[in-house]
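The values are calculated or read from the model by the stated rules, or taken from the named source; none is laboratory data. Everything numeric in this text was worked out from a predicted model, so none of it was measured. All Cβ positions, even for glycine, are placed from backbone atoms using ideal geometry, and neighbour counts span all protein chains on display. Just so you know, the surface numbers come from the protein's heavy atoms only, side chains and all, with ligands and any DNA or RNA stripped out. Shrake-Rupley method; radii C 1.70, N 1.55, O 1.52, S 1.80 Å.
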Amino acid sequence: MMLDYTYNWPLVAASLAISLMASFTGLSLTRGLSKVSEQARQIRIAMAAAALGGGIWSMHFVAILAMSFPIQLGYNPLTTLGSAMVAILLAGLALLMMHYAQRSWMTVGLSGMTLGVGIVAMHYLGMLGVERCLPVYGAAGIVAALLLAVVMGIAAIATAYSERTARKTVLATLIFGSSVVVVHFAAMADTRFMAIDLSGMALPAIADTTLAMIVMSSAFVICGAFLLSGATYFAPPAPAKARPPAPATTEPASAAASPVRVPFEQNGQTAFMPAGNVAVIRAEGHYTILYQGGQKLFCPWSISQAEERMPPGMFQRVHRSYLVNLGHVSGFERRKDSGVCLFDGEQAAIRVPVARARIGALREALGV
């Protein structure tokens with residue numbers, strides 16, 4: 001016999017609010033990471049993963065608790081906790097891809113796919129933890145939920161990381177926050193609950209409404225604490241301060257001849273260096289990262305501003321996200337339809353991708 005159920009709509013609305021709050025927290029925590037130290041970046045990514053993954057799980061659990069059955073359900077603690085851990089781990093993996101792998105459309109796709117898989121894996125693992133009845137679902141529902149989750153996960157990541165602006169963060173929050181809800185209820189539409197023999201089974205110690213209040217309160221307190229401690233959503237751009245001397249470095253011959261000085265942020269101050277010192281400029285949302293020697297420095301210019309302001313003939317646009325200083329390029333490697341610029345010395349670890357459409361112009365500029 002299948003069990004009928006109804007929904008407690010205030011709890012359904014609360015599950016949506018949790019999903020949006022968690023999405024906003026996670027995406028806000030990852031803004032401006034290029035301006036902080038490596039340790040602070042790792043901490044913020046861990047906090048964002050906990051917010052996103054924990055929010056996915058909290059939304060799912062509160063939405064399950066919003067279902068009113070003729071019997072009181074129970075939940076296996078180990079399986080339920082495991083579903084939360086899966087969501088947090090896959091959310092963390094998706095964020096690590098975006099912040100430590102080379103950012104490209106493939107990275108965006110893999111990151112969004114990982115988030116989507118995390119939602120679905122968490123949902124069905126959590127359903128395995130439901131006790132005192134037997135959830136029944138088919139392959140068609142699982143496939144539909146997975147497709148929805150992957151598509152909306154990719155859309156959310158693509159939106160959030162196209163430009164790290166407040167407006168794009170809000171838009172990505174709406175996409176990802178709603179995707180968790182849509183996937184949950186799409187999966188539940190294909191799920192039935194079969195009655196089982198309850199003789200000898202004890203009632204759960206905590207009522208569903210009480211459990212829902214505990215989960216909701218925890219989710220909002222954790223997200224609020226994370227936002228207050230690490231997010232930069234409302235933070236204005238740092239004002240320029242007194243300029244310290246530029247760091248000492250060995251300059252290529254072209255550096256001294258260039259009148260263009262490039263601004264960068266270091267230790268809370270704005271400094272400048274000759275354009276010729278910069279080996280690579282990489283886009284980071286509305287800003288850029290300068291590769292100079294063994295350092296990566298935050299620059300307030302966008303990639304378009306950098307391309308316009310650099311001395312003619314010194315820098316070449318080789319990819320939508322990269323400008324290279326031709327005087328620092330030590331080699332070029334062709335890879336099927338694309339290529340890679342190579343560097344030596346302290347910059348030997350840098351590998352700059354060259355788009356297929358820009359290979360010809362680069363080879364001509366390099367004289368090969």
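Of all residues in region 93-125, count the ones that are among the small types (Gly, Ala, Ser) and open to solvent by less than 10 Å² (accessible area, probe 1.4 Å).
Going through region 93-125 one residue at a time, the tally reaches 5.
Starting from region 130-158, keep only residues that are closer than 22 Å to residue 178 by Cα, then list their pairs with residues that are modelled with pLDDT under 95 and in a loop (DSSP other than H, G, I, E, B) whose Cβ atoms are within a distance under 9 Å, requiring at least 6 positions of separation or different chains.
Short answer, once both residue conditions are applied: 140/190; 141/190; 141/191; 142/190; 144/190; 145/190.
Tell me, which residue of region 302-354 that is small (Gly, Ala, Ser) and within 22 Å of residue 164 (Cα to Cα) is surrounded by the most Cβ atoms within 10 Å (Cβ to Cβ)?
Top of the filtered list is 306.
Hey, residue 142 hits all of (1) hydrophobic (A, V, I, L, M, F, W, C); (2) farther than 20 Å from residue 285 by Cβ; (3) touching a Leu at 6+ places or on another chain (Cβ under 7 Å) but one; which does it fall short on?
It fails just one condition, (3).
Check whether at least one residue in region 162-179 is open to solvent by 50 Å² or more (accessible area, probe 1.4 Å), small (Gly, Ala, Ser), out of contact with any helix residue (DSSP H, G or I) (no Cβ under 6 Å at 6 or more places or on another chain) and more than 20 Å from residue 98 (Cα to Cα), and report yes or no.
No, region 162-179 has no match at all.
Could you tell me whether residue 185 is at pLDDT 90 or above and not charged (D, E, K, R)?
Yes, satisfied.
Just give me the residues in region 126-152 being hydrophobic (A, V, I, L, M, F, W, C), open to solvent by 30 Å² or more (accessible area, probe 1.4 Å) and in a strand (DSSP E or B), in sequence order.
134, 136
Any residue at all in region 183-193 that is of a type outside the set (Gly, Ala, Ser) and closer than 26 Å to residue 30 by Cβ?
yes
Taking the stated definitions as given, is residue 71 buried (at least 18 other Cβ atoms within 10 Å of the Cβ) and at negative phi?
no
Is there a residue in region 190-207 that is out of contact with any strand residue (DSSP E or B) (no Cβ under 8 Å at 6 or more places or on another chain) and crowded, with 21+ Cβ neighbours inside 10 Å?
Within region 190-207, not a single residue is out of contact with any strand residue (DSSP E or B) (no Cβ under 8 Å at 6 or more places or on another chain) and crowded, with 21+ Cβ neighbours inside 10 Å.
Just one of the numbered conditions (1) farther than 30 Å from residue 267 by Cα; (2) surrounded by fewer than 19 Cβ atoms within 10 Å (Cβ to Cβ); (3) not charged (D, E, K, R) is not true of residue 59; which one?
(2)
Let me confirm something: among 317, 334, which residue is in a strand (DSSP E or B), modelled with pLDDT under 90 and under 31 Å from the mean Cα position of the chain (by Cα)?
Exactly one residue qualifies, and that residue is 334.
Hey, residue 342 hits all of (1) assigned to a strand (DSSP E or B); (2) touching a Leu at 6+ places or on another chain (Cβ under 8 Å); (3) of a type outside the set (Val, Ile, Thr) but one; which does it fall short on?
(2)
Against the definition (modelled with pLDDT under 90, within 28 Å of residue 30 (Cα to Cα) and among the polar types (S, T, N, Q)), how does residue 114 come out, yes or no?
no
Residue 358 - would you say it is out of contact with any Cys (no Cβ under 7 Å at 6 or more places or on another chain) and open to solvent by 70 Å² or more (accessible area, probe 1.4 Å)?
Yes.
Quick one: in region 287-301, which of the residues that are in a strand (DSSP E or B), among the aromatic types (Phe, Trp, Tyr) and at pLDDT 90 or above is surrounded by the fewest Cβ atoms within 10 Å (Cβ to Cβ)?
298
Can residue 25 be described as surrounded by 15 or more Cβ atoms within 10 Å (Cβ to Cβ) and not small (Gly, Ala, Ser)?
yes
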